[in-house]
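Reading through the structure tokens given below for one structure.
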Amino acid sequence: MKHAIIYHNPRCSKSRQTPALLDENGYEIEEVRYLDTPPSVETLDELCRLLNVEPTEIIRTGEAEFKALGLSLKDNATNRQAWLEILHQHPKLIQRPIVRIGDKAVIGRPPENVLSLF
């Protein structure tokens, strides 16, 4: 059976729709509830590389936590490694869901984005 990993928050409607799409297309789903089990810095780095984005591009800047932490994407003093650490320590800031199949990954917003992985 084909295997997919989904990093998500099942309380999010988009995150709930994405596993259904994977299941309909014959994928065995490994669910990572990233609020309960934050991805490691290394995993976040790998996901960013697979997504072909910088860590700042998977940050939910509209979250109250982003503002409460005094973060700004314009902060040139915060480097890639520091952003990965921030995402690891504050997983609520990670875009969701992120789906990985093999050596490819997409952000499932909208959920149909995962279809590009098949």
Worksheet entry | Cubic angstrom per residue, convex hull over Cα atoms of the chain | 98 Å³
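Could you compute the longest span of the chain free of trypsin sites (Lys or Arg not before Pro) located in DSSP loops and having at most 10 other Cβ atoms within 10 Å, not counting the site residues?
12-73
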Worksheet entry | Distance in nm between pseudo-label sites at SER72 and SER40 (7 Å out along the Cβ direction from Cα) | 3.4 nm
Discussion item. What figure, in Å² to the nearest 10, do you get for the accessible area of LEU51 with a 1.4 Å probe and non-protein molecules left out?
Written reply: 30 Å²
Discussion item. List residues of the stretch 35-49, by number, whose backbone nitrogen lies under 18 Å from a label position 7 Å along Cα→C-beta of ILE29.
Written reply: 35-37
Item to complete: When a/c is below 1.5 the answer is rounded, else prolate if a/b is larger than b/c, else oblate, so apply that to the stretch 34-100 with a ≥ b ≥ c taken from the square roots of the Cα gyration tensor eigenvalues.
Response: oblate
Practice prompt. Excluding residues fewer than 8 places away in the same chain, name every one of the lysines whose C-alpha is closer than 16 Å to that of LYS2.
Written response: LYS104
Item to complete: Provide the percentage of antiparallel DSSP beta bridges, counting only those with both residues in the chain; round to the nearest 5.
Response: 55 percent
Discussion item. 7 Å from Cα along Cα→Cβ at both ALA82 and ASP103: what's the point-to-point distance in nm?
Written reply: 3.3 nm
Item to complete: Could you please report the charge total around THR37, scoring K, R as +1 and D, E as -1 over all other residues with beta-carbon less than 12 angstrom from its beta-carbon?
Response: -2
Worksheet item: Share of the chain's accessible area from carbon and sulfur, percent, 1.4 Å?
Response: 46 percent
Discussion item. Given a 1.4 Å probe and heavy atoms of the protein chains only, how would you sort SER15, SER72, SER116, largest accessible area at the top?
Written reply: SER116, SER72, SER15
Worksheet item: In nm, to one decimal, how far is the modelled label at GLU112 from the one at GLN17, with both set 7 Å along Cα→Cβ?
Response: 0.9 nm
Fill in: Residue-averaged [θ]222 nm for the chain, counting only DSSP H segments that reach four residues, each worth -39500 (n - 2.57)
-9500 deg cm²/dmol
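Determine the sum of side-chain charges near HIS88: Lys and Arg each +1, Asp and Glu each -1, restricted to other residues whose C-beta is under 11 angstrom from that of HIS88.
Numbers: positive: none; negative: GLU42, ASP45, GLU85.
In short, -3.
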Worksheet, complete the sentence: In degrees rounded to 10, the 0-90 angle between helix 41-51 Cα long axis and the longest Cα principal axis of the chain is 60 degrees
Worksheet entry | Amide H contacts of TYR34 (H built 1.01 Å from N, under 5 Å, at least 5 apart or other chain) | HIS8
Item to complete: Would you give the gap between the C-alpha center of the stretch 1-69 and the C-alpha center of the stretch 91-118, rounded to a whole Å?
Response: 6 Å
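The values are calculated or read from the model by the stated rules, or taken from the named source; none is laboratory data. For clarity, every value in this text was computed on a predicted model and none was experimentally measured. No Cβ is skipped: glycine too gets one built from the backbone with ideal geometry, and neighbour counts run over all protein chains shown. All accessible areas refer to the heavy atoms of the entire protein, side chains included, with ligands and DNA or RNA removed. Shrake-Rupley method; radii C 1.70, N 1.55, O 1.52, S 1.80 Å.
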